[in-house]
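A short worksheet on the structure shown next.
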Amino acid sequence: MRFHCITHWLILASALIASPAIAFEIENRRIYSADPERSVLRIISTADLNVFDPILRAFQEQNPGISIDYSVAGTTELMKAIYSEGAIFDLAISSAMDLQTKLANDGFVQSYSSAATATLPTWASWRNQLFAFTQEPAVLIVSDAFFTPDTIPQNRDALIALLRESPERFAGRIGTYDVRRSGLGYLVATQDSRNSEAFWRLMEVMGRLDAKLYCCSGDMIDDVASGKLALAYNVLGSYAVSQQATTNGFHIVELTDFVNVMLRTALIPVNAQNVEGARDMIDFLSVLDTRQDLTSATGLPAINTMSLQENTAFRPIRFGPGLLVFLDQMKRRNFLRNWENSLFQE
């Protein structure tokens, strides 16, 4: 069957798409039209278009006749769309493992199993409802304008010491997630706090240096690459690798004390309309490790048990009820209060 993949950029301002029926915010939207069209697969995802585009095109080549309506949203907006608004999507892809786990735990997700999903390691899926297809480290990125290779800190204690020693050099030149706005930022920050008390010391130092807060990894990477920032902490490593292919000016650092590794997951909402197409996409993503062309093109590292064993500093965030702890309203309020007290010191 022949088809033409016609790509439309639809970059929509949130004010234009917000309505009584749709209160969540879409950042970008692209439609990949099949001709002839057999069905439409509606995806809401936190993965940027420029990153995920090769995967969408490859899936459509393998599944002619399926048009793809791909919407990009932040992690908290995706959660709002599915959990609060009941928006109609056939697939939800997110880097916020805790929010995806809550969707599954609270009955918003369909179950599915296949020969393809069975190839995933046991730690890369949950209850036949969440399916991980990438393993992405949270990294430190540093500007070449501020660091030479021999001066780059390699662990959190060294980073804290450096910032304390040179406050005038780094004041206003540090970036990290605004965990009040970013679901991924909140997830990685809470995991940091569980792994080491160095997290709170680092937040206090960053607060004294007027750290800049961001919603997204891409914005942090841009500002480090341009020299506007000296460094950014807890950036999504896959985005940094992808941008490094076309942008100079920064180094990626996997800290040696520990590296949180996030698993990007896909799920099928209970109200999905094109369930067959969603299942086809999950099967496609589940064997991403067999498509080196796509992992190279996107910078998204596929699930790979061996690579985790080779780097003992890597600590994959695990599925399970433990991910829901910091979503408890009281726990969340306490964490955010401590985070704000550390960063916004009087």
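Every number here is computed from the coordinates shown, using simple stated rules; none is lab data. All of these numbers come straight from a predicted model, not from anything done at the bench. Glycine also receives a Cβ, built like all others from the backbone with ideal geometry; neighbour counts cover every protein chain displayed.
Values for this structure:
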read-out: Unique match (being among the acidic types (Asp, Glu) and touching a strand residue (DSSP E or B) at 6+ places or on another chain (Cβ under 9 Å)) among Asp157, Asp150, Asp178; value: Asp178
read-out: The range 108-159: number of residues that are among the acidic types (Asp, Glu) and either under 17 Å from Leu229 (Cβ atoms) or without any contact (Cβ under 8 Å) to a residue 24 or more places away in the chain (or both); value: 2
read-out: When residues of the range 68-122 are limited to those that are closer than 30 Å to Pro36 by Cα and among the acidic types (Asp, Glu), the one surrounded by the most Cβ atoms within 10 Å (Cβ to Cβ); value: Asp90
read-out: The range 44-66, subset part of a strand (DSSP E or B) and crowded, with 22+ Cβ neighbours inside 10 Å, residue nearest to the chain's Cα centre (by Cα); value: Ser45
read-out: Every residue from the range 240-291 that is closer than 17 Å to Val51 by Cα, buried (at least 20 other Cβ atoms within 10 Å of the Cβ) and of a type in the set (D, E, K, R); value: Arg264
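For every residue, the table says whether it meets (1) without any contact (Cβ under 8 Å) to a residue 60 or more places away in the chain; (2) outside any loop (DSSP other than H, G, I, E, B); (3) charged (D, E, K, R).
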| residue | (1), (2), (3) |
| --- | --- |
| Ser296 | yes, yes, no |
| Leu300 | no, no, no |
| Leu308 | no, yes, no |
| Thr312 | yes, no, no |
| Arg315 | no, yes, yes |
| Arg318 | no, no, yes |
| Gly322 | yes, yes, no |
| Leu336 | no, yes, no |
